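Novice: Just dropping this structure here.
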Amino acid sequence: MIAVNSQLRSKLLSLVKEIYPDVDAAHLSRRIIESFWPDGLEPRQRVRPPGNTLWSQKDSVVIAYGNAVMDGQHKPLDLLYDFLRRYLSDAITGVHILPFFPFTSDDGFAVTDYESVNSRLGDWADINRIGEEFRLMSDLVLNHMSSQSKWFHEYLQGHEPYDKYFFEASPADDLTSVVRPRAHPLLREVETSNGTRHVWCTFSFDQVDLNYANPDVLVDMIRIMRLHIANGVRIIRLDAVAFIWKEIGTTCIHLPKTHAIVRLMRLLADYCDERVVLLTETNVPNAENLSYFGNRNEAHAIYNFSLPPLMLHALLTGTSRYLNAWQMAMPPAQLGCAYLNFTASHDGIGMRPAEGLLDDAEIEKVIKTVGSFGGLVNMRAMPDGSQKPYELNITYFEAMKGTVDGQDEWQFERFLASQTIQMALEGIPAFYIHSLLGTGNDYAGVERTGQNRTINRKRWDYPELRTELEDPSSIHARILGAMKERIRIRARQPAFHPNATQFTLHMGEKLFGFWRQSLDRDQSIFAIHNVTKEEVTIPVMSINLITGMKWVDLLSDEAVDPSRGEITFAPYQCRWISNRS
């Protein structure tokens, strides 16, 4: 018998009743507990209280596919381990290995088996080894499963319990309100042993949505969460979580029971001996994204999804106006919560998170400019049958080739400015491997797969990459060297703790600045960044440095006299002016 704290039992029972009012809540609660704490494991006797100790300024994450580097001879996970140790161990503390399970499409997000490692990458021992040296993040792909999986095959055959594992609807249902991230039809007609059925496919016909109205599905996902944790995972990314609960006649996104399931998972994580962080992936408008913090009882961390498109807009247009307005309105993360800041990922640059923050004319300006740099666009379907841009497909480095005025010579400086801003903001920075390497657009990959997203998913030949990184004049070595230097500087500053105080500075539209103060109030940093290709000068007095202290720009080692003079910013120059060096 598992010893369960009365508070855990009571809260879990309440959540189960909220999600499944018509089932035996006590029985289902026991099943959930036994799935999350199997084989003699037991929950903590006290809940881990909300706090700011799950992360620090030393933390940063690299995002990579398990086969991001290959050589045709060794297991890709062996090569990734070598790359991480050889090039990143002195700067990066965490690694998000994108779905490493057997799959059929979407580069891993159409999973066929949640419990195995893709044999083309390696095995669980390889995952364990990386998790022993880096804080490991994995994907819980909980919204859908491959149409070629065992689960779906069993569904088609009408075999229990899988005959009720996938969400069905009828073409006659009113689906006009459903929020779509794609442009293809929502329902896929399939033949089952029980007759013709129409299954729900939010993302593609190969990714069939699971039916969380069936509590067996949730219990299985809880069991798979534990499998991840048992194999060294400490950050669990809840992929596409916003869509998991469906009710015909609604938007089928962010429904109350979706939030209740996230709260249930958070409850389990907070009673887990291992220090597990839940991260929600919700590529949606800003206010909707923020809702996944709940009341300090849902996600520990959320992606800062509005940052990539707003950063892109600022650096392409040379104005921080919209970036400033957004940042001024952003609430600090609640105690026990943090933002995950990123500019690029394996997906494109999402445009939905810019809705309500950039008007249509500004969005069109960005799309047109990125297109002139070789970028592509993925669309989504609207209720009236029209389509709108869902994401831009381009590497973030290539997106920095120029501005709305065309290409120029400032790509390196502009890109580095984008990453430096990301590092300084409240939250934990995460860097896609191709941002760390300054990778260009992979047009051959797009032609090979027919998928726009492949443009930003290059698989590096590892010997070729090592040759590039050993040449200090190569763009890839220059980018990686500059990025690591700034990451290391950041890691030494208490004022860059993910929960340290942040206030936006009013510096005009050519600069984007904010003040950070350490939790103990001992260190202040004025992080100021030029978002233009012009030289900008400001009076030192304009940033209110306290006299009697020594102030220094951490990035240039230049002393700053708070009582006089001016500060000049070269094109795209960033300064972190601190009272501690």
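The values are calculated or read from the model by the stated rules, or taken from the named source; none is laboratory data. Because the structure is predicted, anything quoted here is derived from the model rather than measured. Note that we place each Cβ from the backbone using ideal geometry, even for glycine, and neighbour counts take in every protein chain shown. Ligands, DNA and RNA are stripped out before the accessible areas are found, and what is left, the full protein with its side chains, is counted by its heavy atoms. Shrake-Rupley method; radii C 1.70, N 1.55, O 1.52, S 1.80 Å.
Novice: So in region 210-219, with the set limited to residues that are open to solvent by less than 20 Å² (accessible area, probe 1.4 Å) and not in a loop (DSSP other than H, G, I, E, B), which one is farthest from Ile19 (Cα to Cα)?
Specialist: Leu210
Novice: Within region 292-344, track down each residue that is open to solvent by less than 10 Å² (accessible area, probe 1.4 Å), under 14 Å from His529 (Cβ atoms) and in a loop (DSSP other than H, G, I, E, B).
Specialist: Ser320, Thr343
Novice: For region 182-218, which positions are of a type in the set (Gly, Ala, Ser) and touching a Gly at 6+ places or on another chain (Cβ under 8 Å)?
Specialist: Ser193
Novice: Which one is most open to solvent (accessible area, probe 1.4 Å) among residues in region 345-359 that are in contact (Cβ under 8 Å) with a residue 40 or more places away in the chain and charged (D, E, K, R)?
Specialist: Filtering region 345-359 for residues that are in contact (Cβ under 8 Å) with a residue 40 or more places away in the chain and charged (D, E, K, R), the one most open to solvent (accessible area, probe 1.4 Å) comes out as Glu355.
Novice: Now a separate question. Assess whether Val531 counts as being touching a Leu at 6+ places or on another chain (Cβ under 8 Å), crowded, with 18+ Cβ neighbours inside 10 Å, among the aliphatic types (A, V, I, L, M) and over 30 Å from Tyr390 (Cβ atoms).
Specialist: It is false that Val531 is touching a Leu at 6+ places or on another chain (Cβ under 8 Å), crowded, with 18+ Cβ neighbours inside 10 Å, among the aliphatic types (A, V, I, L, M) and over 30 Å from Tyr390 (Cβ atoms).
Novice: Looking only at region 140-161, filter to residues that are within 14 Å of Arg188 (Cβ to Cβ) and in a helix (DSSP H, G or I); which one of those is most open to solvent (accessible area, probe 1.4 Å)?
Specialist: Top of the filtered list is Leu156.
Novice: Test each condition in (1) crowded, with 19+ Cβ neighbours inside 10 Å; (2) not in a loop (DSSP other than H, G, I, E, B); (3) not β-branched (Val, Ile, Thr) for Ser10 and report the one that comes out false.
Specialist: Here Ser10 meets the rest and fails (1).
Novice: State the number of residues belonging to region 465-524 that are within 20 Å of Leu315 (Cβ to Cβ), of a type in the set (D, E, K, R) and outside any helix (DSSP H, G or I).
Specialist: 2
Novice: Something else now. Would it be correct to say that Glu274 is part of a loop (DSSP other than H, G, I, E, B), closer than 14 Å to Ala333 by Cα and of a type outside the set (A, V, I, L, M, F, W, C)?
Specialist: The answer is no for Glu274.
Novice: Check whether at least one residue in region 542-552 is open to solvent by 20 Å² or more (accessible area, probe 1.4 Å), at pLDDT 95 or above and not polar (S, T, N, Q), and report yes or no.
Specialist: Taking every residue of region 542-552 in turn, at least one turns out to be open to solvent by 20 Å² or more (accessible area, probe 1.4 Å), at pLDDT 95 or above and not polar (S, T, N, Q).
Novice: Please tell me if Ser556 is in a loop (DSSP other than H, G, I, E, B), open to solvent by 20 Å² or more (accessible area, probe 1.4 Å), touching a helix residue (DSSP H, G or I) at 6+ places or on another chain (Cβ under 9 Å) and of a type in the set (S, T, N, Q).
Specialist: no
Novice: OK, next. Which pairs turn up if I take residues in region 482-498 that are closer than 11 Å to Leu554 by Cβ and look for partners that are of a type in the set (D, E, K, R) and part of a helix (DSSP H, G or I) with beta carbon separation below 6 Å, at least 6 apart in sequence or on another chain?
Specialist: Phe496/Arg490
Novice: I need the full set of residues from region 188-209 which are surrounded by fewer than 16 Cβ atoms within 10 Å (Cβ to Cβ), in contact with a helix residue (DSSP H, G or I) (Cβ under 9 Å, 6 or more places away or on another chain) and under 12 Å from Ala169 (Cα atoms), in order please.
Specialist: none
Novice: Among the residues of region 405-420, how many are open to solvent by 10 Å² or more (accessible area, probe 1.4 Å), within 20 Å of Ala344 (Cα to Cα) and either among the acidic types (Asp, Glu) or in a helix (DSSP H, G or I) (or both)?
Specialist: 4
Novice: Further question on the same structure: Those residues that are within 16 Å of the chain's Cα centre (by Cα) and under 26 Å from Val47 (Cα atoms), I need them from region 299-332; list them, please.
Specialist: Correct list: Ala299, His300, Ala301, Ile302, Tyr303.
Novice: On the given criteria, is Tyr65 in contact with a Gly (Cβ under 8 Å, 6 or more places away or on another chain) and at pLDDT 95 or above?
Specialist: Criteria met by Tyr65.
Novice: Then there is this: In region 559-568, which residues are part of a loop (DSSP other than H, G, I, E, B) and surrounded by 13 or more Cβ atoms within 10 Å (Cβ to Cβ)?
Specialist: Hit for region 559-568 is Pro562, nothing else.
Novice: I've got another one for you. Keeping to region 245-275, report how many residues are among the hydroxyl-bearing types (Ser, Thr, Tyr) and either at positive phi or without any contact (Cβ under 8 Å) to a residue 60 or more places away in the chain (or both).
Specialist: Result for region 245-275: 1.
Novice: Of everything in region 435-453 that's without any contact (Cβ under 8 Å) to a residue 40 or more places away in the chain and in a helix (DSSP H, G or I), which residue is least open to solvent (accessible area, probe 1.4 Å)?
Specialist: The residue in question is Gly445.
Novice: Working carefully through the options Val233, Val219, find the one that is β-branched (Val, Ile, Thr), closer than 20 Å to Ala338 by Cα, in contact (Cβ under 8 Å) with a residue 24 or more places away in the chain and out of contact with any Pro (no Cβ under 8 Å at 6 or more places or on another chain).
Specialist: Result of the check over Val233, Val219: Val233.
Novice: Pairs, please: C-beta under 8 Å, at least 6 apart or cross-chain, first residue in contact (Cβ under 8 Å) with a residue 60 or more places away in the chain and in region 291-307, second assigned to a loop (DSSP other than H, G, I, E, B) and open to solvent by 30 Å² or more (accessible area, probe 1.4 Å)?
Specialist: Arg296/Pro50; Arg296/Gln334; Arg296/Leu335
Novice: Sticking with this one: Checking the structure you have, find out if any residue of region 23-31 is modelled with pLDDT of 95 or more, farther than 30 Å from Ser518 by Cα, touching a Leu at 6+ places or on another chain (Cβ under 8 Å) and outside any helix (DSSP H, G or I).
Specialist: Scanning region 23-31 turns up no residue that is modelled with pLDDT of 95 or more, farther than 30 Å from Ser518 by Cα, touching a Leu at 6+ places or on another chain (Cβ under 8 Å) and outside any helix (DSSP H, G or I).
Novice: In addition: State all residues of region 561-575 that are at pLDDT 95 or above and either over 20 Å from Gly318 (Cα atoms) or of a type in the set (A, V, I, L, M) (or both); if no residue qualifies, say none.
Specialist: Hits for region 561-575 are Ile567, Ala570.
Novice: Another question, then. In region 467-480, how many residues are touching a residue at least 60 places away in the same chain (Cβ under 8 Å) and open to solvent by 60 Å² or more (accessible area, probe 1.4 Å)?
Specialist: 1
Novice: Take the residues in region 110-139 that are touching a residue at least 60 places away in the same chain (Cβ under 8 Å) and in a strand (DSSP E or B); name whichever of them is surrounded by the most Cβ atoms within 10 Å (Cβ to Cβ).
Specialist: Ser138
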